[in-house]
Structures are given as structure tokens and as C-alpha cells.
Amino acid sequence: ALGAGLGILMLRRVRSLTTPLLLATERVQAGDLNVRVPVTGQDELSVIARHFNDMTASLQRTVQEQRALQRTLEARVDSLVEASTTELQVLSQLGLFMQACETQGEAAEVIARVAPALFPLGGSVSLLAESRNMLERFAAWGDAPGGGTWLPEECWASRLGTDHAAGPGLNAPRCRHDRSGLGTLCLTLNAQGETLGVVTLHFPDGPAAEQAQALARRFTDRLALSLANLRLKETLRHQSVRDPLTGLYNRRYFEETGGRELARAHRQGWPLSLLMLDVDHFKQFNDVHGHAVGDMVLRRLGHVLGRQFREEDVVCRYGGEEFMVMLPNCSPQAALERAEALRTATEALVLAAPDSSGLTVTVSVGVTTTTGDRSDLGVLVRQADQALYRAKAQGRNRVAAYRAE
């Protein structure tokens with residue numbers, strides 16, 4: 001009976017400790033880590049209960065740390081996504097505005113206004129000059145100096161043909177053109193198989209982060225393509241309005257501009273004069289000395305015309321050996337004086353030809369002026385042509401004014 005009583009007591013004791021442990025285990029399995037088993041003594045079952053409590057507390061801390069880390073990672077991902085979206089928007093905006101630019105001056109202004117959103121500490125864009133031996137500062141923002149020129153060999157990126165980072169914490173030489181003292185990244189501008197220049201970007205301390213370098217390369221690639229397209233656009237526009245032999249405007253530009261100048265003269269009430277000139281005996285230059293000499297005569301005459309007139313005057317090669325000069329706000333007397341000065345300057349030209357010791361060039365000039373009334377450009381050209389015919393009929397190498405019949 002005593003043995004049976006002791007067995008019953010021991011069974012009750014075991015059950016009082018194992019039943020809460022079993023229930024706690026089930027709750028942990030269900031995901032509740034806040035459960036704890038009561039510890040009532042120092043026996044082996046109490047030790048097991050104490051270890052169980054320590055284990056659940058450790059699991060709870062681990063889960064809390066993992067959740068905190070997950071929240072941090074999610075916030076970081078959201079921040080990166082937001083930053084990436086902003087960068088893409090800025091790059092898209094840069095490409096959009098660069099595509100709409102008509103001149104390089106407009107493009108430089110767009111770069112200086114948009115780039116600080118990506119690289120706030122400053123930077124600059126330098127382009128190779130036509131001689132290919134000098135880099136000219138094209139655009140700058142932030143603390144970067146504007147203007148100035150420097151040699152390609154002063155930049156390690158230009159020498160190596162690849163990106164070059166320098167600054168605190170880097171065992172790399174600093175480019176001689178960079179005097180900022182900050183972390184600097186130089187990247188070459190390459191487009192359509194041609195090097196256009198160098199982009200220099202500044203960063204806070206030491207080298208730029210990998211993400212910033214990737215952004216810098218995307219920025220540089222977008223910029224290089226836009227500048228190459230702008231240069232091609234300017235070349236095509238120049239070819240469409242310029243005469244390739246003399247560098248003067250062509251007939252198409254004269255006809256497009258003439259209407260606007262006539263309308264402006266009518267609106268302002270000022271005179272508009274037109275000079276039409278022709279090289280005397282030009283056919284002889286081609287027949288006797290060859291077309292190369294004839295082309296040289298036209299080039300030299302184009303150079304004289306470019307020096308003789310104001311910036312606002314429109315000087316064009318009208319066709320063949322004929323040239324037109326449109327003089328806004330120029331009276332009839334002033335136009336005659338300008339024409340005579342041109343005739344004298346041309347007469348002073350002495351050209352060397354392979355089969356001659358020296359060739360003299362003369363021109364005949366016809367002058368007409370509208371008094372501010374709404375005249376037709378074709379009428380004005382016919383009047384100048386009639387005046388030119390009179391100058392030739394009077395012996396060439398002279399100036400004649402238009403006279404109404």
C-alpha cells in the first residue's frame with residue numbers, strides 16, 4: 001500500500017510538470033513564442049522546463065531580429081527603387097531636352113541645369129576642339145570651374161581611354177586638370193566610334209560608390225549620344241544654308257531670310273539695300289587657268305565679302321560667280337559707299353596661279369534700296385540685277401545704282 005501510494009504521488013508530480021511542458025510545446029509549434037513553463041523546483045524536470053523557457057526566449061529574440069532586418073531591407077529596397085526612379089526621370093528629362101536643343105549653347109545650359117539633380121557636388125563637361133589637341137570646358141555646375149581649356153594628356157581617363165577615379169582612399173594619381181580635392185571620377189564621352197570629350201564628376205569623400213559609378217556611366221552615355229546627334233544636326237543645318245566653296249550663305253538662305261528682313265524693314269520704317277555683284281570675265285579664269293583657279297577666285301572673294309560687312313548683313317553666294325549682300329537699315333548713299341569699298345578691296349586682290357605671276361580680280365556691283373514699303377523680294381532682286389547690267393554695260397569694275405525706267 002505504501003509503494004502504491006508513493007507511485008501515485010510520483011505520477012502526479014511527473015504529470016504536473018510534463019503536462020504544462022507538452023501544452024507549451026504545442027503552442028510553440030503553433031507559432032506562439034511568448035509561452036513559458038512554470039519552474040517549481042530543482043529536479044530534472046524543472047531543469048528541462050528552465051531550458052525550454054531559455055530556448056523559447058532565444059527563438060523570440062531571433063525572430064524579432066529577423067523581422068527588424070526585414071523591415072530595414074524593405075525600407076532600403078523602397079529607397080533604392082525611389083532613387084532609381086528619380087534617376088531615370090532625370091536622365092529621361094536630360095535626353096528629352098537635349099534632343100530639342102538647336103545649338104550647343106542651349107545644350108550647355110540644359111546640362112548645367114539638369115546635372116545637379118544627379119551630381120550635386122559639381123562636375124563639368126569638356127569637349128575636344130576641332131584640332132583634336134585641346135579640350136574646352138563646355139558646361140560646368142556646382143563648385144567646378146567654368147570655361148578654360150586643357151590638354152588631353154592632363155586627364156588619365158583621356159590617356160587610358162577608360163573611366164578613372166581618384167581621391168582620398170585611392171592609390172591612383174589625380175588628373176592635372178582637377179584641383180577640387182574631392183573624390184573625382186573622369187569618364188570619356190564616346191559616341192558613334194568617336195571620342196567627343198571628357199566628363200568630370202565630384203563625390204563627397206573618397207571614391208564614388210559602385211552605384212554612383214554606374215549612374216555616372218549612364219549619364220555620360222546619354223550625354224555622348226545627345227551631343228553627337230546635336231553636332232550632326234548642326235552640320236546638316238550648316239550644309240543646308242552654307243555654300244561649301246566660300247563658306248557664305250547660299251541662295252536658299254537668302255530667299256528665306258529676305259522675306260523676313262523686308263517685313264522687318266516695313267515694320268520699322270527703315271531702308272533695306274541690296275547689292276548684287278558679279279566677277280568680271282570669270283569665264284576666262286576657268287577657260288585659261290582651269291577650274292581650280294576659278295574656285296580659288298571665288299574663295300578669296302568670299303573671304304573679302306566676309307570682312308567687308310557687318311554681322312547683321314546677309315552675305316550670300318547667289319549662284320555661279322554672282323553674290324548678294326542684304327544691308328538692313330542702310331540708306332541708298334551708304335549702300336553705294338559700301339559697294340565702292342567692296343569694289344576697291346576686290347581690285348586690290350592679287351592671286352597667284354601656277355601659269356601666271358599674278359591675277360587681278362574685279363567685280364561689277366548693282367545697288368538698289370527699298371524705302372520701307374512692302375516690296376516683293378523678287379522685285380528687289382530684279383532691280384539689283386538691272387543695276388548690275390548697267391555697271392557691266394558701262395565698262396565693268398564699277399558700281400551702278402538702280403534707276404527706274
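The values are calculated or read from the model by the stated rules, or taken from the named source; none is laboratory data. Please read all numbers here as calculations on a predicted model, not as lab measurements. Note that each Cβ is placed from the backbone with ideal geometry, even for glycine, and that neighbours are counted across all protein chains shown.
Remarks
- Residue count for region 142-200 satisfying the condition of being farther than 22 Å from Ser226 by Cα, of a type in the set (Asp, Glu) and part of a loop (DSSP other than H, G, I, E, B): 2.
- Unique residue being closer than 30 Å to Gly302 by Cα and over 19 Å from the mean Cα position of the chain (by Cα) when the list is Leu230, Leu182, Leu160, Leu245: Leu245
- Tyr402 vs. criteria modelled with pLDDT under 95, within 15 Å of Leu272 (Cβ to Cβ) and out of contact with any Leu (no Cβ under 8 Å at 6 or more places or on another chain): yes
- Among (1) outside any helix (DSSP H, G or I); (2) modelled with pLDDT of 75 or more; (3) farther than 27 Å from Phe203 by Cα, the one test that Phe119 misses: (3)
- A search for C-beta distances below 7 Å between a residue of region 240-268 that is within 18 Å of Thr371 (Cα to Cα) and any residue that is in a helix (DSSP H, G or I), counting only pairs 6+ apart in sequence or on different chains, returns Gly258/Leu377; Gly259/Leu377; Leu262/Leu377.
- Considering region 257-279, the residues that are part of a helix (DSSP H, G or I) and surrounded by fewer than 15 Cβ atoms within 10 Å (Cβ to Cβ) include one that is nearest to the chain's Cα centre (by Cα), namely Arg260.
- Residue among Leu185, Leu135 that is within 24 Å of Leu91 (Cα to Cα) and either modelled with pLDDT of 85 or more or crowded, with 20+ Cβ neighbours inside 10 Å (or both): Leu185
- Within region 1-35, considering residues that are surrounded by 13 or more Cβ atoms within 10 Å (Cβ to Cβ) and assigned to a loop (DSSP other than H, G, I, E, B), the one modelled with the lowest pLDDT: Leu33
- With respect to the stated conditions, Leu327 fails to be out of contact with any His (no Cβ under 8 Å at 6 or more places or on another chain), part of a helix (DSSP H, G or I) and in contact (Cβ under 8 Å) with a residue 40 or more places away in the chain.
- Any hit, region 384-397, residues being under 25 Å from Arg251 (Cβ atoms), assigned to a strand (DSSP E or B), in contact (Cβ under 8 Å) with a residue 60 or more places away in the chain and of a type outside the set (A, V, I, L, M, F, W, C): no
- Unmet requirement for Ser226, which otherwise passes all of (1) within 23 Å of Gly147 (Cβ to Cβ); (2) of a type in the set (Gly, Ala, Ser); (3) in a loop (DSSP other than H, G, I, E, B): (3)
- Within region 202-225, considering residues that are polar (S, T, N, Q) and modelled with pLDDT under 90, the one surrounded by the fewest Cβ atoms within 10 Å (Cβ to Cβ): Gln211
- Residue in region 335-349 that is under 25 Å from Gly294 (Cα atoms) and not in a helix (DSSP H, G or I) present: yes
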